[in-house]
Amino acid sequence: MAPPLYGIEHIVVLMLENRSFDNVLGGLYPDQSRCDGLTGKEAIPLDPYDPNSPLVSVWQGDPGSAVEVMPYPDPGELFTDMNQQIFAPSDPQTGPPTMRGFAYNYANQAASPDGKKPVARDIMQYYRHGPMSDVPVSGALARNFAVSDRWFASGPVQTLANRVFVHCATPSKYADGSGTWHAVINNTDITNRQFDPNGIVGSTTVFELLDQAAQLPSWRWPARPAWRVYHHDYPLSALIKYVDDHWDVLVDGNVYYISQFFDDVKGNLPTYCFLEPRYTDYFGVTPNSNHPGGSTLAETPPPIDIKDGELLLYNVVAALDSVPDVFKKTLLVVIYDEHGGLYDHVAPPSAVSPFGPNEVTGFAYDRYGVRVPAILINPYIQPQSVLRPRAPQVFDHTSLISTLRAQFGLGGPLTARDGSAPVLSDLIVEGAPLNPFRLADLPKPVRPSVATRELLPVARATPADPNHLTSVIRQAIEVPRNADRAAYIQLKETGASLSGS
């Protein structure tokens, strides 16, 4: 069969963090004639368990610092939080999804480390679009290329499981003390199982399928890397063993600092590129993940500013645009791993489980998570395109895997989930005219604190708190690669335990 994306030789994915579709793109088409966004009249009860509760409405703040760093503190992201956001006041096991629990769940979260208490109304904020937008790059790209309003997180769970999903079509599983198997749900299901979670996920990845196909004679596989992961600080993809095994190997590694992506665009762009943002200010540079909450390892101020993620997105598009012959053959997909507790009005549908019958006890991922933003960019995609699969199907992160398999003849599937996931098709057709959009039309966010350092490697640092999850990961993974074995062994011997973040 012909590849579903005409002329595409490279797929680049930038996965940002913890925003819902409504929060970032719900205001893109206010009349809802083009996609399922917000009318501005949506409202949910402050307390869904009280029939007389006052309502909390969606709203748009004026452009400026208040909404750029909203919501703060970080909303609830645990499986129990998401169940309440989606189902309250119903029972997740028996009731239909109501999408009425977001304000209540956020109002009952803990205060931030600096004492700021959550304000229920803040979870309902959604960004303006147009000349004065706080998300000018996302909005301009979504309107001038394609957006999908039917892209859901792979599960109603935290970051790590959704990020494993995008590579493996499963969140992976673990056995408890009695030998009973459970699906990974919360972050701690991965990080608390051993001191060094690096490489802990042994599931088969799409990267393996790419490497296997690259060994076969085919016109689709010229002399270039089959795949690479590009990161700013710690690449969460390295939680997967196959990725970790290809990180910093002596010859022909596959995991590089983000600056390598900007070099590769000029002449050695892999078939598949996965870009990770900067998650914290651990290395002295502002986070650009768009994750709500504090910038530090302990999630203390300053709050993460969404403009930093906008600048990263601008730089990625500018790099591709600077090499038109490469850009024409590249599909850039911009998505978020999960909704992060922010309001969305569209209920997640049921999903095909990646697990076999009775393979795991408890939640088996037979329903999706909340909608996330999805923007698709290529010079031949026509302006104001809205991509939806044939109903009742929806996209999730495993649609990237199904698309890679179909586009490049990789075989598979990895699991029943990507085996059923719709591919990205009908976006680029033979004979389509070039999109009239030009980079000069894209507003560049002004972030002087990071603009000049965005693409530069930064010095490694020693964590101040070895008991913090991220600090331990830094030591366990990066110290050995810097040949400081003594410091690594000393930390091991402290018996530091992992804690949730």
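Testing P301 on (1) surrounded by fewer than 21 Cβ atoms within 10 Å (Cβ to Cβ); (2) assigned to a helix (DSSP H, G or I), one condition comes back false. Which one is that?
Every condition holds for P301 apart from (2).
Please go through segment 111-134 and pick out each residue that is more than 14 Å from D22 (Cα to Cα) and either modelled with pLDDT of 95 or more or in contact with a Pro (Cβ under 7 Å, 6 or more places away or on another chain) (or both). Write out each step before concluding.
At the first step, the residues of segment 111-134 found to be more than 14 Å from D22 (Cα to Cα) are 111-121, 130-134.
Matches in segment 111-134: A111, S112, D114, K116, K117, P118, V119, A120, R121, M132, S133, D134.
What do you reckon, is V137 within 27 Å of E299 (Cβ to Cβ), in contact with a Pro (Cβ under 8 Å, 6 or more places away or on another chain) and not in a loop (DSSP other than H, G, I, E, B)?
yes
Can you name the number of the only condition in (1) among the acidic types (D, E); (2) over 22 Å from the mean Cα position of the chain (by Cα); (3) within 27 Å of V423 (Cβ to Cβ) that D149 fails?
Single failed check for D149: (2).
Of the residues T98, T80, T94, T39, only one is part of a loop (DSSP other than H, G, I, E, B), of a type in the set (V, I, T), at pLDDT 90 or above and over 29 Å from D308 (Cα atoms); which?
Matching residue, one of T98, T80, T94, T39: T98.
Tally time: how many residues in segment 319-344 are part of a loop (DSSP other than H, G, I, E, B) and over 17 Å from R163 (Cα atoms)?
The qualifying residues number 7.
Scan segment 283-294 and give yes if some residue there is assigned to a helix (DSSP H, G or I), more than 16 Å from the chain's Cα centre (by Cα) and surrounded by fewer than 23 Cβ atoms within 10 Å (Cβ to Cβ), otherwise no.
Scanning segment 283-294, I find no residue that is assigned to a helix (DSSP H, G or I), more than 16 Å from the chain's Cα centre (by Cα) and surrounded by fewer than 23 Cβ atoms within 10 Å (Cβ to Cβ), so the answer is no.
Being under 30 Å from E430 (Cα atoms) and surrounded by fewer than 20 Cβ atoms within 10 Å (Cβ to Cβ) narrows it down to one residue among D36, D31; which is it?
Step by step, each of D36, D31 is checked, and only D36 is under 30 Å from E430 (Cα atoms) and surrounded by fewer than 20 Cβ atoms within 10 Å (Cβ to Cβ).
Go through the residues of segment 191-199 one by one and say whether even a single one is among the hydrophobic types (A, V, I, L, M, F, W, C) and not in a loop (DSSP other than H, G, I, E, B). Even if it seems obvious, please write down each step before you answer.
Taking segment 191-199 and keeping what is among the hydrophobic types (A, V, I, L, M, F, W, C), we get 195.
Next, only the ones that are not in a loop (DSSP other than H, G, I, E, B) stay: none.
Within segment 191-199, not a single residue is among the hydrophobic types (A, V, I, L, M, F, W, C) and not in a loop (DSSP other than H, G, I, E, B).
Evaluate segment 204-216: report whether one residue or more is buried (at least 18 other Cβ atoms within 10 Å of the Cβ), out of contact with any helix residue (DSSP H, G or I) (no Cβ under 9 Å at 6 or more places or on another chain) and modelled with pLDDT of 95 or more.
Scanning segment 204-216, I find no residue that is buried (at least 18 other Cβ atoms within 10 Å of the Cβ), out of contact with any helix residue (DSSP H, G or I) (no Cβ under 9 Å at 6 or more places or on another chain) and modelled with pLDDT of 95 or more, so the answer is no.
Within segment 389-418, count every residue that is part of a loop (DSSP other than H, G, I, E, B) and at pLDDT 95 or above.
So the count comes out to 8.
Of the conditions (1) assigned to a loop (DSSP other than H, G, I, E, B); (2) touching a residue at least 40 places away in the same chain (Cβ under 8 Å); (3) surrounded by fewer than 22 Cβ atoms within 10 Å (Cβ to Cβ), D244 fails just one. Which one is it?
Of everything listed in (1) assigned to a loop (DSSP other than H, G, I, E, B); (2) touching a residue at least 40 places away in the same chain (Cβ under 8 Å); (3) surrounded by fewer than 22 Cβ atoms within 10 Å (Cβ to Cβ), D244 misses just condition (1).
Being assigned to a helix (DSSP H, G or I) and surrounded by fewer than 24 Cβ atoms within 10 Å (Cβ to Cβ): is that true of R121 here?
yes
Within segment 319-337, can you find the residues that are under 19 Å from R143 (Cα atoms) and touching a Phe, Trp or Tyr at 6+ places or on another chain (Cβ under 9 Å)?
L320, D321, K328, L332, I335, Y336 - these are the residues of segment 319-337 that are under 19 Å from R143 (Cα atoms) and touching a Phe, Trp or Tyr at 6+ places or on another chain (Cβ under 9 Å).
The values are calculated or read from the model by the stated rules, or taken from the named source; none is laboratory data. Keep in mind that this is a model prediction, so the values were computed, not measured. In this analysis, Cβ positions are derived from the backbone assuming ideal geometry, glycine residues included, and neighbour counts consider all displayed protein chains.
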